[in-house]
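A short write-up of the structure that comes next.
The values are calculated or read from the model by the stated rules, or taken from the named source; none is laboratory data. Please read all numbers here as calculations on a predicted model, not as lab measurements. Here the Cβ is made from the backbone with ideal geometry for all residues, glycine too, and neighbour counts use every protein chain on show. Surface areas here come from the heavy atoms of the whole protein model, side chains and all, with no ligands, DNA or RNA. Shrake-Rupley method; radii C 1.70, N 1.55, O 1.52, S 1.80 Å.
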Amino acid sequence: MIDGLTTQAKYYKPLVYEFFRKEWRGSRPSYGDFVVEIVMEHVGDPPWMDLDNLAKALLDAIKGYLFHDDAQVARLLVERREGERERITIRAFPRRA
């Protein structure tokens with residue numbers, strides 16, 4: 001989960017780096033197809049933000065940690081919804097045959 005909303009990859013990269021440094025020590029990116037689900041929660045009116053730009057920034061941030069290249073994403077779900085606070089939740093997992 002990431003608190004805050006922006007489409008700037010440079011904002012997410014240090015946050016993602018810290019997460020993987022602390023939580024995924026020694027893990028390596030995998031090959032094969034992946035499913036990525038991104039949920040953006042906002043408070044009040046939806047932010048004026050293109051979801052495709054948000055997805056690209058986040059995929060760029062997790063590339064090299066979970067998978068080698070974002071071309072490995074075979075299924076991508078990006079959703080915007082109202083929530084209790086502004087945050088982004090990302091789920092990524094290998095795609096099953």
With R₀ set to 41 angstrom, the calculated FRET efficiency between the beta-carbons of TRP24 and ASP50, to the nearest 0.05, is 0.90
GluC sites (Glu not before Pro) in the chain lying in a DSSP loop, each with at most 16 other Cβ atoms within 10 Å of its Cβ, come to GLU84, GLU86
Over all pairs of different Cα atoms in segment 7-54, the reciprocal of the mean inverse distance gives a Kirkwood radius in Å of 13.6
On the accessible surface of segment 52-94, probed at 1.4 Å with all protein chains in place, carbon and sulfur together account for a percent value of 43
Compactness check, the chain: C-alpha Rg relative to the 2.2 N^0.38 Å globular estimate gives 1.07
Checking segment 6-89 for chymotrypsin sites (Phe, Trp or Tyr not before Pro) in a loop per DSSP with at most 11 other beta-carbon atoms within 10 Å yields TRP24, TYR31, TRP48
Mean-square fluctuation maximum in Gaussian network of the chain, Cα pairs under 10 Å, restricted to GLY26, GLY83, GLY64, hits GLY26
Output for the chain: trypsin sites (Lys or Arg not before Pro) sitting in coil per DSSP, at most 16 other Cβ within 10 Å, listed by number, reads ARG25, ARG85, ARG95, ARG96
Note, segment 68-83: 3J(HN,Hα) by Karplus (6.51, -1.76, 1.60, θ = phi - 60°), whole Hz, Gly/Pro = x, goes 6, 8, 5, 5, 7, 6, 8, 9, 10, 10, 10, 10, 10, 8, 6, x
Quick calc, segment 5-55, dipole around Cα centre from Cβ unit charges on Lys, Arg (+) and Asp, Glu (-), nearest 20 debye, gives 520
Per residue, accessible area of the chain with a 1.4 Å probe, heavy atoms of protein chains only, in Å², comes to 67
Yeah, segment 40-83 with a ≥ b ≥ c from its alpha-carbon gyration tensor (a/c under 1.5 is rounded, else prolate when a/b outruns b/c, oblate otherwise) is prolate
Computed for the chain: size of charge dipole around the Cα centre, +1 on C-beta of each Lys and Arg, -1 on C-beta of each Asp and Glu, debye to nearest 20, value 540
antiparallel share of DSSP beta bridges within segment 13-97, to nearest 5, in %, is 40
